[in-house]
Amino acid sequence: MSDTLLKYLPEHSVPLCFELIKANHVHLKIVNERVTRHGDYRRERDGSHIITVNFSQNKYRFLITLIHEIAHLVAFEKFGRNIKPHGDEWKLTFQRLMVPFIRPEIFPNQLLPLIARHFRNPKASSDTDATLALALKQFDPENDKHYVFEIPYGSTFRIHNGKIFKKIAQRTKRYECLEISSGKTYLFNPNAEVELLPS
């Protein structure tokens with residue numbers, strides 16, 4: 001399994017990840033990219049633990065996602081099934097599991113301070129941390145996608161399902177965007193990846 005993990009993870013993180021997977025009896029599945037989430041954890045009726053992580057050519061995002069999902073498993077096992085999925089127990093577990101990985105052998109120097117800051121109070125998704133998301137994006141393969149927060153007001157963009165929107169305003173944490181075909185307004189996460197259309 002270590003050889004398989006090496007395709008997806010930073011080299012020096014593989015032994016630690018392998019131990020976590022083995023110790024927690026995780027059945028890891030790597031799946032095609034899903035738009036709505038990077039990973040998923042579920043406990044089967046027979047007690048087995050299934051973690052799915054999106055295939056990603058970005059080894060650093062893959063690592064953060066894998067530890068995020070293992071933290072769900074460990075938190076539920078330790079604190080019970082009634083805790084909030086991204087509550088205090090999960091945050092503490094995620095922080096504790098992530099600490100051994102926050103070092104220069106695993107993450108590039110430009111990511112280390114951003115990751116350290118993020119893990120003081122980890123969010124339900126690293127995507128909601130705009131600074132970290134933008135820094136991680138540098139390690140993605142080249143593509144024509146932009147984050148909503150990067151594009152100018154008044155510009156039009158297409159999302160994964162083909163619908164076209166215009167960015168019109170900012171609310172506290174999200175952006176109001178007008179769907180061109182229906183005239184309805186929708187709220188977008190700052191880090192939603194979209195295809196900018198020529199104006």
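Below, the figures for the structure above:
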read-out	value
Any hit, region 172-182, residues being farther than 23 Å from Tyr8 by Cα, over 21 Å from the mean Cα position of the chain (by Cα) and modelled with pLDDT under 90	yes
Any hit, region 104-115, residues being farther than 18 Å from His12 by Cα and surrounded by 15 or more Cβ atoms within 10 Å (Cβ to Cβ)	yes
Per-region count, region 96-109, residues under 21 Å from Ile50 (Cα atoms) and either in contact with a Phe, Trp or Tyr (Cβ under 7 Å, 6 or more places away or on another chain) or in a loop (DSSP other than H, G, I, E, B) (or both)	1
Failed criterion for Arg61 (all others in (1) loosely packed, with under 12 Cβ neighbours inside 10 Å; (2) basic (Lys, Arg); (3) closer than 30 Å to Asn189 by Cα; (4) out of contact with any strand residue (DSSP E or B) (no Cβ under 6 Å at 6 or more places or on another chain) hold)	(1)
Pairs where the first residue, in region 105-116, is within 11 Å of Thr131 (Cβ to Cβ) and the second is of a type in the set (Phe, Trp, Tyr) and assigned to a helix (DSSP H, G or I), C-beta under 9 Å, 6+ apart	Leu111/Tyr60; Ile115/Tyr60; Ile115/Phe101
Condition check for Ala124: part of a loop (DSSP other than H, G, I, E, B), without any contact (Cβ under 8 Å) to a residue 60 or more places away in the chain and in the same structural domain as Lys84 (by TED's automatic domain parsing)	yes
Matching option when the condition is touching a residue at least 12 places away in the same chain (Cβ under 8 Å), touching a Lys or Arg at 6+ places or on another chain (Cβ under 6 Å) and of a type in the set (A, V, I, L, M), among Leu5, Leu9	Leu9
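Condition check ((1) in the same structural domain as Pro10 (by TED's automatic domain parsing); (2) in a strand (DSSP E or B); (3) crowded, with 16+ Cβ neighbours inside 10 Å) across all residues:
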{"position": "Leu132", "(1), (2), (3)": "yes, no, yes"}
{"position": "Phe149", "(1), (2), (3)": "no, no, yes"}
{"position": "Pro152", "(1), (2), (3)": "no, no, no"}
{"position": "Phe165", "(1), (2), (3)": "no, yes, yes"}
{"position": "Ile168", "(1), (2), (3)": "no, yes, no"}
{"position": "Leu178", "(1), (2), (3)": "no, yes, yes"}
{"position": "Pro190", "(1), (2), (3)": "no, no, yes"}
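The values are calculated or read from the model by the stated rules, or taken from the named source; none is laboratory data. Just so you know, these numbers come straight off a predicted model, no measurement behind them. Every residue, glycine among them, receives a Cβ derived from its backbone with ideal geometry; neighbour counts consider all protein chains shown.
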